[in-house]
1. Using alpha-carbon pairs under 8 Å, 6+ residues apart, how would you state the relative contact order of the range B:61-289 in percent?
2. In which sequence would B:Ile268, A:Ile274, A:Ile252 go, from the one with the fewest C-beta neighbours within 10 Å to the one with the most?
3. So how do B:Thr104, A:Thr257, A:Thr202 line up by other beta-carbon neighbours within 10 Å, fewest first?
4. Expected output is a single nm value to one decimal: the length gained when fully extending between B:Val149 and B:Ala98, i.e. 0.36 nm times separation in residues minus the C-alpha distance. What is it?
5. Most mobile of B:Ala111, B:Ala253, B:Ala188 per a Gaussian network model of chain B (Cα springs, under 10 Å)?
6. Given q = 0.12 Å⁻¹, what are the Debye log10 I(q)/I(0) values for the protein assembly as shown, with equal point scatterers placed on the Cα positions and solvent ignored?
7. Sort B:Asp243, B:Asp137, A:Asp196 so that the residue with the fewest other Cβ atoms within 10 Å of its own Cβ comes first and the one with the most comes last.
8. Please identify, among A:Ala273, A:Ala192, A:Ala160, the residue showing maximal mean-square fluctuation in a Gaussian network model of chain A using a 10 angstrom Cα cutoff.
Amino acid sequence: MPDQTANVARGGGKRWSPILLRGLLFLILGLFVLYYTLPLFVMVVTSLKSLPEIRQGALLGLPKEIVLDAWKNAWSEACAGVTCVGLKPYFWNSVVLVVPAVIISTAIGAINGYILSMWQFKGSNIIFGLMLFGCFIPFQAVLLPMAITLGKIGIAGNVAGLVLVHVVYGIGFTTLFFRNYYVSVPVELVKAAKIDGAGFWTIFGPILLPMSAPVIVVTVIWQFTSIWNDFLFGVSFSQGDNQPITVALNNIVNSTTGVKEYNVDMASAMIAAIPTLLVYIVAGKYFIRGLAAGSVKG
Amino acid sequence: MEKLIARYLPKIVVAPSFAAVLFFVYGFIGWTIWVSMTKSRILPKYDLVGLIQYDKLWATPRWLVAIENLGIFIFLFVAIALVVGLFLAILLDQKVRAEGFIRTTYLYPMALSFIVTGTAWKWILNPGLGIQKVVRDLGFPDFEFGWLVDPEMALYTIVIAGVWQSSGFVMALFLAGLRSVNQEIIKAAMVDGIGPFRIYTGIIIPSLRPVFISAIIVLVHLAIKSFDLVIALTSGGPGYSTDMPATYMYAMAFSRGQLGQASASATIMLMTVCIFIIPYLYSELRQKNA
């Protein structure tokens with residue numbers, strides 16, 4: 001490690017050799033790498049084993065023979081109670097739910113963020129504060145009236161109802177992301193555009209939107225992961241065939257009928273996890289930025 | 001006329017969102033608080049009867065267990081996630097090779113659904129074929145690790161899974177904070193001969209106060225809302241030993257037909273979150289305006 005001696009002053013005491021200290025550092029970091037990856041490793045290997053092999057133990061062992069039956073089973077045959085259709089239909093429910101919910105909530109957030117940063121008026125900060133507070137409430141406080149309202153509008157139990165719920169309770173975060181991003185855009189730019197006679201929509205469309213790519217990516221990723229991973233709204237507001245994948249996964253895993261098929265459980269969990277994991281691997285940088293923006297001021 | 005519209009356009013455009021938030025957030029909260037003061041059971045009733053639902057709630061052993069569980073869970077979950085997150089951030093800040101790779105592996109659990117996390121840990125922690133069996137096969141036949149099915153210990157399995165999922169995120173927050181510490185002060189301290197340990201405890205960690213606050217807010221908020229993880233990992237069991245306010249509320253609302261109890265418990269959850277969130281939001285917004 002020739003290029004790392006520069007930091008000895010910060011990490012090393014007098015009696016400890018720098019190399020030893022460096023080794024210890026990597027040992028600890030490595031152990032934590034194991035801690036974080038082991039559950040994923042266990043899931044993958046379990047999903048590739050046959051049931052008899054799983055029953056022999058060896059939780060951490062590689063499969064003696066790779067069997068893909070559990071994945072096939074999880075996708076199209078696994079039972080939740082008496083329905084045995086696998087995760088496939090629920091996976092598509094989640095896709096049909098996530099796509100419009102993400103697009104609508106991101107678009108609304110962009111416009112709100114634009115207004116609450118570039119067109120501030122008396123009380124606009126209060127509006128922003130009230131919207132922001134909505135991000136933090138425990139959703140249990142709105143669950144019952146929402147169930148009643150969805151029933152009254154006639155979209156209870158179906159995907160349209162869930163889209164509405166996710167859009168409404170996503171507005172706070174999407175507005176926050178866009179507002180914090182637009183606040184950092186130089187005011188002169190907008191002022192100059194206004195002097196040139198550009199109106200409300202001209203400043204937003206041709207001027208601001210083209211430079212909004214980073215915040216759009218952050219918002220879309222944030223909304224995608226939180227809606228895909230949602231369980232509370234899904235389990236409260238959807239029934240039967242309309243359930244999203246997290247609810248179906250939980251039903252399959254906690255199904256008490258028949259033999260417990262751990263490999264199918266793990267394959268199901270992997271199927272539910274793959275879309276968000278892919279997003280994280282492809283766009284992890286933006287994912288982290290979103291997490292940070294959601295908690296620390298922008 | 002056109003000028004008038006142009007003048008009010010921003011307000012007109014933001015109005016529907018604001019109206020939606022007023023209705024779906026504040027109106028609904030109002031409804032819940034109102035119904036928590038009625039005798040509602042399977043169907044909502046709207047005649048106010050005072051605080052009898054709250055009296056009943058605080059006389060229900062299952063609710064008291066849920067509150068105690070939440071207290072223990074918040075404390076352990078927040079404390080351990082903070083310690084692990086800060087520790088890892090400090091280690092990763094030592095100009096480590098492959099930092100990007102290590103950071104990615106620490107943080108990916110945050111991308112998973114709590115249902116996935118719960119399912120994975122339920123399998124790992126199951127006494128029959130999980131860790132207990134692994135350690136026994138290593139030559140320790142008397143090793144016992146049955147927390148998942150032990151009413152006294154099951155709560156701690158939720159802490160284990162929760163920390164696993166969230167500590168990487170705390171690490172990322174602290175790492176960003178460490179990277180923005182003023183390097184001049186540290187250099188000056190080093191010139192003065194102050195040791196690395198004192199520099200961390202005396203200068204760097206105190207300067208991370210805002211990060212601590214943000215992290216605590218996020219973690220407490222996650223903990224109070226913890227519903228998915230409990231459902232996936234223990235379903236509140238064995239018995240109701242790992243029940244939380246969130247699962248209690250859900251049971252009252254959707255399986256027991258006790259809307260009054262559900263609303264009262266939801267109101268208490270909301271109040272608890274407000275104690276943490278309102279001062280935070282207030283100071284954040286004030287800082288921004290200043």
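Each value in this text was obtained by applying a stated rule to the coordinates, not by laboratory testing. Bear in mind the structure is a predicted one, so any value in this text is a computation, not a measurement. Note that we place each Cβ from the backbone using ideal geometry, even for glycine, and neighbour counts take in every protein chain shown.
1. Working: 245 pairs, mean separation 69.0, N = 229.
Reported as a whole number, the value is 30 percent.
2. In increasing order of surrounding Cβ atoms, one gets A:Ile274, B:Ile268, A:Ile252.
3. Arranged by neighbour count, lowest to highest, B:Thr104, A:Thr257, A:Thr202 become A:Thr257, A:Thr202, B:Thr104.
4. Gain on extension, B:Val149 to B:Ala98, equals 14.4 nm.
5. Result for chain B, Cα springs under 10 Å: B:Ala188 fluctuates most.
6. Relative scattering, expressed as log10 I(q)/I(0), comes to -1.31.
7. Listed from fewest to most nearby Cβ atoms, that is A:Asp196, B:Asp137, B:Asp243.
8. Most flexible of the set in this elastic network: A:Ala192.
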